[in-house]
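Asks: Please see the structure below; I have some questions.
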Amino acid sequence: MIKKERSIPLKLQKVEALARRLPVSHPKRALIEQELYNRRSGYRGEQSINYYLTFLPEKEYYILHSLRLPNHVGTFFQIDTMLISPYFITIIEVKNHGGTIRFDAKFNQLIQTHSNGNMKAYEDPISQVMRQHSQLKIWLQNNKFTGIPIHPLVVISNPSTIIETTGNSNHFKQIIHRTYLTFKMKELEKLYKVERFTKKEMTRLAKKLIKQHVPEKYNILHHFNIRPEEILTGVHCPKCSFLPMTRCYGKWICPSCKYSSKKAYEDSIMDYTLLLRTTITNKQLCDFLEVTSRTVATKLLRSMNLPHSGNTKGRVYYLEMQ
């Protein structure tokens, strides 16, 4: 049973918004496009295991995706997917690397070799998931859940990836292709036979995890050292991302693909929220959407039923992240 759905990562949403609104000639364009490619690839990898999770007995497993929990040192740790059974907990770190990947136990790194021979080194995902294991164990103890086996897994989501290992390490047993995930869970069911949870306790743990989940705050402009005035304004086309659309008789029309919509502006206000701030005034909306009429801007804001404060002239509207 899925207790926490997988959501589009906030960082991915922000990079997508930035890629839409960065000029083609911007010096950091290539960097942003590579970041977008990497994050989309990672998210596709996480999504790709959903199918295999459907084969797990729904009544025996609670599934929680995209958790970010406080740890004992005042920071946070993240878990791609957590499976809670009556007998054990599994935490899954998903990687979507293609080509050939080699897990180097001596230097604790992952080396990827592409078909063209290019090589790139990454942080060792085994070390990564073991840190998550350690932090989750302490989190469970601090929240009065003790004696629960935690089994970490690294799941390679690309079925054509060739996996190699160097050095001697028992941790290599924790690396599997996504197609083996269901069978791996059957192995763990045979390994862990002592019941640790009642259904009530499983529910209590799931609720506690969801309650303590803290979405990440991420200022993407600060991260890439991009000034707000470098961001392109206007209503972008929801179909082809062309900027700016033209407003005519109450609708926005895309000069490129001819798509038209009365509500195209809503996606652009979400871009504003992702890139700039979570509050907006009438003037800020006029500037960002390139709307010349303050009356039209007020009408648009009111149509979205946003919470607000202040009087009519100085009213501030509060935008919500989706």
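Asks: Using 15 Å as the cut-off for backbone N distance, which residues of segment 161-185 belong to the label zone defined by a point 7 Å from the Cα of Met119 along Cα→Cβ?
Replies: Within reach of a label on Met119: 164-167.
Asks: Another one. Between Thr179 and Lys258, what is the FRET efficiency for a Förster distance of 30 Å, r being their Cβ-Cβ separation, to the nearest 0.05?
Replies: According to the calculation, E is roughly 0.10.
Asks: Sort segment 46-98 into rounded, prolate or oblate with this rule: let a ≥ b ≥ c be the square roots of the eigenvalues of the Cα gyration tensor; rounded if a/c is under 1.5, and if a/c is not under 1.5, prolate when a/b is larger than b/c, oblate otherwise.
Replies: Oblate shape, in that a/c is at least 1.5 and b/c is the bigger or equal ratio.
Asks: Could you give the angle, 0 to 90 degrees to the nearest 10, between helix 294-303's Cα long axis and the longest principal axis of the Cα atoms of the chain?
Replies: The angle comes out near 40 degrees.
Asks: Given a Förster radius of 25 Å and the C-beta distance between Asn108 and Glu5 as r, what FRET efficiency does 1/(1 + (r/R0)^6) yield to the nearest 0.05?
Replies: That pair, Asn108 with Glu5, gives E of 0.15.
Asks: Mind checking which of Gly117, Thr146, Val235 is farthest towards the positive end of the chain's charge dipole, using Cβ charges of +1 (Lys, Arg) and -1 (Asp, Glu) about the Cα centre?
Replies: Val235
Asks: May I pose another question? Rounded to the nearest 20 debye, what is the charge dipole size of the chain about its Cα centre when +1 sits on each Lys and Arg Cβ and -1 on each Asp and Glu Cβ?
Replies: Value, rounded to 20: 940 debye.
Asks: Sorted by accessible area (1.4 Å probe), largest first, how do Met270, Met185, Met130 line up?
Replies: Putting Met270, Met185, Met130 in descending order of accessible area: Met130, Met270, Met185.
Asks: Rg and Dmax of segment 61-155, using alpha carbons, in Å: what are they?
Replies: 15.4, 51
Asks: Could you tell me the relative contact order of segment 148-228? Use alpha-carbon pairs under 8 Å, at least six residues apart, and round to a whole percent.
Replies: Worked out over segment 148-228, it gives 26 percent.
Asks: Related question: Taking 2.2 N^0.38 Å as the expected size of a compact globular protein, what ratio does the Cα radius of gyration of segment 140-257 give against it, to two decimals?
Replies: In units of the globular-protein estimate, segment 140-257 measures up at 1.84.
Asks: For the chain, max minus min Cα coordinate along each principal axis, in Å, sorted largest first?
Replies: Computed over the chain, the largest-to-smallest principal extents equal 68, 52, 36 Å.
Asks: Using a 1.4 angstrom probe on the protein heavy atoms only, could you order Ser169, Ser7 from most to least accessible area?
Replies: Ser7, Ser169
Asks: Something else: Tally Lys/Arg at +1 and Asp/Glu at -1 over every other residue whose Cβ is under 13 Å from the Cβ of Ile226; what's the total?
Replies: +2
Asks: Packing-wise, with mean Cβ within 10 Å as the measure, how do 59-69, 23-33, 296-306 rank, highest first?
Replies: 59-69, 296-306, 23-33
Asks: Please give the calculated 222 nm ellipticity per residue for the chain, where each DSSP H segment of at least 4 residues contributes -39500 (n - 2.57) and the sum is spread over every residue; nearest 500 deg cm²/dmol?
Replies: The helix-only estimate for the chain comes to -10500 deg cm²/dmol at 222 nm.
Asks: Right, next: At most 11 other Cβ atoms within 10 Å and a DSSP loop assignment: could you name the GluC sites (Glu not before Pro) in segment 132-232 that fit?
Replies: Those that pass, being in a loop and sparsely packed, are Glu195, Glu216.
Asks: If you take all C-alpha pairs in segment 1-126, what percent of them are over 18 Å apart?
Replies: Within segment 1-126, distances greater than 18 Å cover 66 percent of Cα pairs.
Asks: Name the chymotrypsin sites (Phe, Trp or Tyr not before Pro) in segment 207-250 that are in a loop by DSSP and that have at most 15 other C-beta atoms within 10 Å, would you?
Replies: In loop regions of segment 207-250 (DSSP not H, G, I, E or B), the sparsely surrounded chymotrypsin sites (Phe, Trp or Tyr not before Pro) are Tyr218, Tyr249.
Asks: Turning to a different aspect of this structure: Pairing the Cα long axis of helix 199-212 with the longest principal axis of the chain, what angle in degrees results, from 0 to 90 and rounded to the nearest 10?
Replies: Taking Cα atoms only, the helix is inclined about 40 degrees.
Asks: Another one. So what's the angle, to the nearest 10 degrees on a 0 to 90 scale, between helix 125-142 and the longest Cα principal axis of the chain?
Replies: Here the helix axis deviates by roughly 90 degrees.
The values are calculated or read from the model by the stated rules, or taken from the named source; none is laboratory data. The structure displayed is predicted, hence computed values, not measured ones. Note that each Cβ is placed from the backbone with ideal geometry, even for glycine, and that neighbours are counted across all protein chains shown. To get the accessible areas, we keep the full protein, side chains included, count just its heavy atoms, and leave off ligands, DNA and RNA. Shrake-Rupley method; radii C 1.70, N 1.55, O 1.52, S 1.80 Å.
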